[in-house]
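> One structure, as structure tokens, below. Some questions next.
The values are calculated or read from the model by the stated rules, or taken from the named source; none is laboratory data. The shown structure was predicted, so the numbers you read here are calculated from the model rather than taken from an experiment. Cβ coordinates were reconstructed from backbone atoms using ideal geometry, including for glycine residues, and neighbour counts include every protein chain displayed. These area figures cover heavy atoms from the full protein model, side chains too; ligands, DNA and RNA do not enter into them. Shrake-Rupley method; radii C 1.70, N 1.55, O 1.52, S 1.80 Å.
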Amino acid sequence: SAATTAAAGNYTVNVNTLAVPQVLQAAGVASTSASGSTGSISLQLGNGALHSITVDSSNNTLAGLRDAINAAQDDIEAVIVNDGSTTPHRLLLTASKGGTTNQITLTHTLNAGVLKDALDGVTEAQAAVNASVTVNGVAISGAANQLVDAIPGVTLTLNGTGTTTVTVSRDTAQTQTAVQTFVKAYN
């Protein structure tokens, strides 16, 4: 999309990579409803707010922890997936924003039990990636799939990789209509 300040011209845009959010996976557990571990966990996305979540008898199951994480903040989405193994239920934490500046920090003070073991086994399932674009050969990187002013006055929304040409031109039809309306009113 272009603002009225956009400079006219032709721009070759090559999208090398799209921004991707980080995903962390906890170690698998046998049941989503088995009780285990109490204490607290802290979550932070990049330099954002630090969110502390108390884990007690009301939420000390994998499903309860997922729900507590989602209720406490909206920077990181918690879901449970089943990988089909003997301990199939894994908590996945997905950053709400892509890019390498939006890394998830997870710490906990859980006591011994199923949840502690699951969170002690957290690994990165998907690394965060910045969007990588060239505009007329100039490399541009961003944490989001929407780049504002990479072309002055133009917002680029990146939907896929590949090369395209963006043409910014003046809207003369609107000026012609305004002049014709003025002439009619004057006559």
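> Taking the condition of being among the aliphatic types (A, V, I, L, M) and either within 15 Å of the chain's Cα centre (by Cα) or more than 14 Å from Gly36 (Cβ to Cβ) (or both), how many residues in region 58-70 meet it? Reasoning before the result, please.
Of the residues in region 58-70, the ones among the aliphatic types (A, V, I, L, M) are 62-63, 65, 68-69.
After this cut, where a residue has to be either within 15 Å of the chain's Cα centre (by Cα) or more than 14 Å from Gly36 (Cβ to Cβ) (or both) as well, the list is 68-69.
Residues flagged as among the aliphatic types (A, V, I, L, M) and either within 15 Å of the chain's Cα centre (by Cα) or more than 14 Å from Gly36 (Cβ to Cβ) (or both) within region 58-70 amount to 2.
> Consider Thr38 against the criteria (1) in contact (Cβ under 8 Å) with a residue 40 or more places away in the chain; (2) open to solvent by 60 Å² or more (accessible area, probe 1.4 Å): it satisfies all of them except one. Which criterion is unmet?
If we test Thr38 against (1) in contact (Cβ under 8 Å) with a residue 40 or more places away in the chain; (2) open to solvent by 60 Å² or more (accessible area, probe 1.4 Å), just (2) comes out false.
> Within region 160-168, identify whether any single residue is open to solvent by 90 Å² or more (accessible area, probe 1.4 Å), touching a residue at least 60 places away in the same chain (Cβ under 8 Å) and more than 23 Å from Ala8 (Cα to Cα), and answer yes or no.
yes
> Can you name the residue in region 71-120 that is under 21 Å from the mean Cα position of the chain (by Cα) and of a type in the set (Lys, Arg) and, of all such residues, is least open to solvent (accessible area, probe 1.4 Å)? Spell out how you get there, then give the answer.
Restricting attention to region 71-120, the residues satisfying the condition of being under 21 Å from the mean Cα position of the chain (by Cα) are 71-81, 90-107.
Now drop any that are not of a type in the set (Lys, Arg), which leaves 90, 97.
Details: Arg90: 58, Lys97: 117 Å².
Taking the candidates together, the pick is Arg90.
> If you don't mind, another one. For the subset of region 1-15 comprising residues that are more than 18 Å from the chain's Cα centre (by Cα) and part of a strand (DSSP E or B), which member is surrounded by the most Cβ atoms within 10 Å (Cβ to Cβ)?
Here is the first cut: in region 1-15, the residues more than 18 Å from the chain's Cα centre (by Cα) are 1-14.
Within this subset, residues satisfying the condition of being part of a strand (DSSP E or B) are 2, 9-14.
Details: Ala2: 16, Gly9: 13, Asn10: 10, Tyr11: 17, Thr12: 12, Val13: 20, Asn14: 15.
If we take residues in region 1-15 being more than 18 Å from the chain's Cα centre (by Cα) and part of a strand (DSSP E or B), then Val13 is surrounded by the most Cβ atoms within 10 Å (Cβ to Cβ).
> Report yes if Gly28 is surrounded by 15 or more Cβ atoms within 10 Å (Cβ to Cβ) and without any contact (Cβ under 8 Å) to a residue 12 or more places away in the chain, otherwise no. Let's see the steps before the verdict.
On the way: surrounded by 15 or more Cβ atoms within 10 Å (Cβ to Cβ): yes; without any contact (Cβ under 8 Å) to a residue 12 or more places away in the chain: no.
Answer is no for this residue.
> Determine whether region 54-72 contains at least one residue that is in contact with a His (Cβ under 9 Å, 6 or more places away or on another chain) and charged (D, E, K, R).
no
> Sticking with this one: For the list (1) touching a Ser or Thr at 6+ places or on another chain (Cβ under 7 Å); (2) closer than 18 Å to Thr123 by Cα, I need the number of the one condition that Asp75 fails.
(2)
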